[in-house]
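Student: Just dropping this structure here.
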Amino acid sequence: MDVNEVLLPGVGLRYEFTTRAGDRIGVVARRTGEFEVVGYGGDDPDEGRPLFRLNEDEAEALAQIFGAPRIAERFADLTRELPGLSSAPVRVTPASPYAGGPLGHTRVRTRTGASIVAIVRGPDVIASPGPGEVLQAADVLIVVGTPEGIDGAKRIIRG
């Protein structure tokens, strides 16, 4: 399935796709963290009718219900709007000095300026993890920052 991505300056991103049944669906990911799902029909292919809106928590719950969270991709897409800001996944290996320890002990933000904005643990996503969250081998940390900050975070986590 092809998903088209459209940058909406000042608003966020719109993702569009056509279902197997021929319905055209769009999801607007707003910079505010809200999401709007729209359906297309009628004569104007650009006129979408709002189907429903979701706040960040509701959108995350729906993403978990559908499975296979795509939080890393979402952050990567959203950071395209901000020059100099990037996101990357960083895997915690069993050899990491921080596997089994709290996130706060990494001091990633203090040491690099980059932020760990989420932890993907199997099918679950821990958004905005606190410093007490215990890292596990195979966790994937979603790091947002400058390319240099992300590289620093990778070096810290890998040990």
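The values are calculated or read from the model by the stated rules, or taken from the named source; none is laboratory data. Remember, predicted model here, so these are calculated numbers, not experimental data. Backbone-built Cβ (ideal geometry, glycine too); neighbour counts: all protein chains shown. We work out accessible area using only protein heavy atoms, side chains counted, and drop any ligands, DNA or RNA first. Shrake-Rupley method; radii C 1.70, N 1.55, O 1.52, S 1.80 Å.
Student: May I ask you to list the residues in the stretch 121-135 that are closer than 20 Å to ARG155 by Cβ and either open to solvent by 30 Å² or more (accessible area, probe 1.4 Å) or of a type in the set (Phe, Trp, Tyr) (or both)?
Tutor: PRO131 - this is the single residue of the stretch 121-135 that is closer than 20 Å to ARG155 by Cβ and either open to solvent by 30 Å² or more (accessible area, probe 1.4 Å) or of a type in the set (Phe, Trp, Tyr) (or both).
Student: Looking at the stretch 117-138, is at least one residue of a type in the set (Val, Ile, Thr) and farther than 24 Å from ASP57 by Cα?
Tutor: No, the conditions are met nowhere in the stretch 117-138.
Student: Taking the criterion of being of a type in the set (S, T, N, Q) and open to solvent by 30 Å² or more (accessible area, probe 1.4 Å), would at least one residue in the stretch 141-150 satisfy it?
Tutor: yes
Student: With the checklist (1) of a type in the set (Ser, Thr, Tyr); (2) open to solvent by less than 70 Å² (accessible area, probe 1.4 Å); (3) within 17 Å of the chain's Cα centre (by Cα) in hand, flag the one item THR19 doesn't pass.
Tutor: Only one criterion in (1) of a type in the set (Ser, Thr, Tyr); (2) open to solvent by less than 70 Å² (accessible area, probe 1.4 Å); (3) within 17 Å of the chain's Cα centre (by Cα) is unmet by THR19, namely (3).
Student: Name the residues in the stretch 107-120 that are within 17 Å of PRO97 (Cβ to Cβ), open to solvent by 10 Å² or more (accessible area, probe 1.4 Å) and of a type in the set (A, V, I, L, M, F, W, C), would you?
Tutor: Within the stretch 107-120, ILE116 is the sole residue that qualifies.
Student: Going by what's in this entry, would VAL92 be described as open to solvent by 70 Å² or more (accessible area, probe 1.4 Å), touching a Phe, Trp or Tyr at 6+ places or on another chain (Cβ under 7 Å) and at pLDDT 80 or above?
Tutor: For VAL92, the condition - open to solvent by 70 Å² or more (accessible area, probe 1.4 Å), touching a Phe, Trp or Tyr at 6+ places or on another chain (Cβ under 7 Å) and at pLDDT 80 or above - is not met.
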